[in-house]
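The numbers here are math on the coordinates, done by the rules we state, and not lab data. Quick caveat: nothing in here was measured; it's all calculated off a predicted structure. Positions of Cβ are generated from backbone atoms using ideal geometry, with glycine treated the same way; all protein chains shown enter the neighbour counts.
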Ligand SMILES: Nc1ncnc2c1ncn2[C@@H]1O[C@H](COP(=O)(O)OP(=O)(O)O)[C@@H](O)[C@H]1O
Ligand SMILES: [Mg+2]
């Protein structure tokens, strides 16, 4: 290392090219001319229109835009839940379009957490079981203790035995956050996670999300209608008709 510094300082680049151009860490999420078309009768609808996006590790990006802009479709493409018509999604520099459904499922389970507008908890499982379930799927040890600790982190230590129907919207979304972060995913995707909540409850849920993100160093892509929610991100993007108004 000391020798490399010397080479740099003396301007002798030929002796140590790696010191001049160190290998760049790839973005955590990248899209290259990502395109998703849908057939609608005779017409072809371009839902995601050749998008280039880079999200660095640990960055929080919000995406705002009118209904129908393609935001949910973009998140589904990032998670490998939907397949692009053309272009690529790269996670940590690795293109995912060549992966099988099983490989994609494993990638999601290990690397990607999801929170939705409608919470999507399993109604026949308690709060604690909802959080524990993904850990058991991954074969993680001490999953029950871990689920209980996560519920405590989101302020629901006493509610683990309650079923989703016994919890308020804000509480359900906090359970969903505990579940989403349970496997310590590198990436958290949120699709209108505060969309079903009043603004005070939504702000509290967002505080929990940001605290979990800081703790786990997760990369966040947050779709929202709400300018106040969008403004909490490190970077704000606006999507209209499948494109970003500003650069991705
Ligand atoms: N499964 C589908 N079949 C037909 N059209 C769809 C389907 N999913 C989405 N769309 C259309 O794609 C466009 C983008 O949808 P979506 O990604 O849900 O937008 P947003 O999340 O920004 O509201 C909309 O015009 C929507 O009607
Ligand atoms: Mg949507």
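Quick notes on this structure:
- Label-point separation, residue 83 to residue 43 (7 Å along Cα→Cβ), nm: 2.5
- Note on the range 25-133: Cα-only Rg and Dmax are 15.6, 48 Å.
- Share of pairwise Cα-Cα distances greater than 11 Å in the range 69-114 is 66 percent (whole percent).
- Based on alpha carbons, the Rg and Dmax found for the range 123-202 are 12.3, 37 Å.
- Compared with the dominant Cα axis of the chain, that is its longest principal axis, helix 143-153 is turned about 90°.
- The range 122-169 versus the range 69-114: alpha-carbon centroid distance in Å: 26
- Against the chain, whose longest principal axis is taken from its Cα atoms, helix 127-137 shows a tilt of about 40°.
- Fraction of antiparallel bridges per DSSP, the chain only, in percent to nearest 5: 50
- Hydrodynamic radius by Kirkwood, which averages 1/r over all alpha carbon pairs of the range 69-148, in angstrom: 14.5
- Debye log10 I(q)/I(0) for the chain, one point scatterer per Cα, at q = 0.10, 0.16 Å⁻¹: -0.55, -1.14
- Calculated [222 nm] ellipticity per residue, helices only, for the chain: -10500 deg cm²/dmol; basis is -39500 (n - 2.57) per DSSP H run with n ≥ 4, divided by all residues, nearest 500.
- Angle in degrees between helix 199-216 and the longest Cα principal axis of the chain, rounded to the nearest 10: 50
- Sorted largest first, the principal axis extents computed over the alpha-carbon atoms of the range 154-248 equal 45, 27, 19 Å.
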